[in-house]
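Throughout, read-outs are computed from the coordinates displayed, never taken from laboratory work. Just so it is clear, the structure is predicted and the values come from calculations on it, not from any experiment. Neighbour counts run over all protein chains shown; Cβ positions are idealised from the backbone, glycine included.
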Amino acid sequence: MTDMDLQTWIIGYGVLILKLGAVLLFLLLMAAYLVLVERKLLGRIQVRYGPNRAGKYGLLQPFADSIKMMTKEDIVPDAADRIIFLLSPAVVAITALLMFAVIPFGPDITVYGRRVPLVVTDINVGLLFIFALSSLGVYGAALGGWSSNSKYSLLGGIRGAAQMVSYELALGLSLIPVVMEAGSFSLVEIVNAQTELPFILLEPVAFAIFFISAMAEIKRIPFDLPEAENELGAGFHTEYSGMRFGLFFLGEYVHMQVLGGLIAVFFLGGWRGPLLPGPIWLALKIVLVCLVMIWIRGTLPRLRYDQLMNLGWKVLIPAALLNVVFTGARLLW
């Protein structure tokens, strides 16, 4: 390896670490303040105040919650499968964080004559990478519920696994028209294909199916059957406490941001927008999607389990298949 090659490798490695650090910092701060925003908005919807004691307007509440989580006792039930019980929350959080590795957050920039892509890594099968991590996320909830040795946790884990497997089919089928339009599995190429028109205008049915399926994937109301408190206590994470419960919580709110980022990339033109820099446009679109999810949580009641399954298998999957056929016919025509 020549000195020039070594210098190029070191610079590239340094840039990669900087991008990883920036994305991780953004995700963690956003997750912390999404919790505060959700509590505030739900308070207003329910005609009450949200948290307003920790700092001015409650702005320090996320830090107070983090300190509380980290200082609470980490309890492991005597009859639990200890190793799986301890590792399950990390599976949920890590898979959620890794999904952002292929989401482009801006156009390529030039630094000291070198082209730097504003994406952690652009792989030509980015969409398949997202689905692989989404499938692995199922294990966190299912194993967390099973390893707790609690009937409530077990029921929540089984519900979560069945729900996520069912809606993952509709989720994948809904994105086939997007791949057909873009001609690529790369998320960077999908954004570039929306230079003239965002895909939400070309594929509104695919957008609706994807949004509903993704809400079910991340177990948000009205699809939060795996953690239905009036039936299961807290569902698959009933026996968790301290920072391990915090990891489940973190995974949910990072998943919200991942969903916002994917909707932005697949349907809203990604980082594209007038006047403002690309990363700011992507962040605004992610926040918009998260606010819509919070609004839905404060508006709709929870579905019954039979309604949940009927919607997935009898409505969304047939609609997604028909949409693939119609998109193919339109492109051929």
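Mind putting a number on the dipole of the chain about its Cα centre? Charges go on the C-beta only, +1 for Lys and Arg and -1 for Asp and Glu, and I need it in Debye to the nearest 20. Let's see the in-between values first.
Numbers: 24 positive and 23 negative charges, 201 e Å.
For the chain, the charge dipole is close to 960 debye.
Using Stokes-Einstein with the Kirkwood hydrodynamic radius over Cα pairs, what translational diffusion coefficient do you get for region 199-333 at 4 °C and a viscosity of 1.567 mPa s, in µm²/s rounded to a whole number?
So the translational diffusion coefficient is about 77 µm²/s.
Quick query: amide H of residue 116 versus all other amide H atoms, modeled in the peptide plane; which residues come in under 5 Å with a sequence gap of 5 or more or a different chain?
Amide H neighbours of residue 116: 109, 110, 111.
I'd like the trypsin sites (Lys or Arg not before Pro) in region 111-195 restricted to DSSP loop residues with at most 12 other Cβ atoms within 10 Å, sorted by number. Working shown, then result.
Working: sites: 114, 115, 151, 159; in loops: none.
Counting only loop positions with at most 12 other Cβ atoms within 10 Å, none of the trypsin sites (Lys or Arg not before Pro) in region 111-195 qualifies.
Take each complete run of DSSP H in the chain, measure how far its Cα atoms stretch along the helix's own axis, and keep only those covering 20 Å or more with mean Kyte-Doolittle hydropathy at least 1.0; list them.
Numbers: long enough: 3-45 (61 Å, 1.39); 82-98 (25 Å, 2.22); 126-147 (32 Å, 1.46); 151-174 (34 Å, 0.54); 242-267 (37 Å, 1.30); 278-297 (29 Å, 1.99); 317-332 (23 Å, 1.60).
Flagged H segments are 3-45, 82-98, 126-147, 242-267, 278-297, 317-332.
Based on alpha-carbon centroids, what's the gap between region 180-204 and region 214-266 in Å, whole number please?
Centre-to-centre (Cα) distance: 28 Å.
Could you tell me which of 215, 315, 107 has its Cα farthest along the dipole of region 60-332 towards the positive end, charges placed at Cβ (Lys, Arg +1; Asp, Glu -1), taken about the Cα centre?
My answer, from the dipole projection, is 107.
Rounded to the nearest Å, what's the spacing between the alpha carbon centres of region 296-316 and region 68-88? Just the number, please.
The two parts, judged by their Cα centres, are 32 Å apart.
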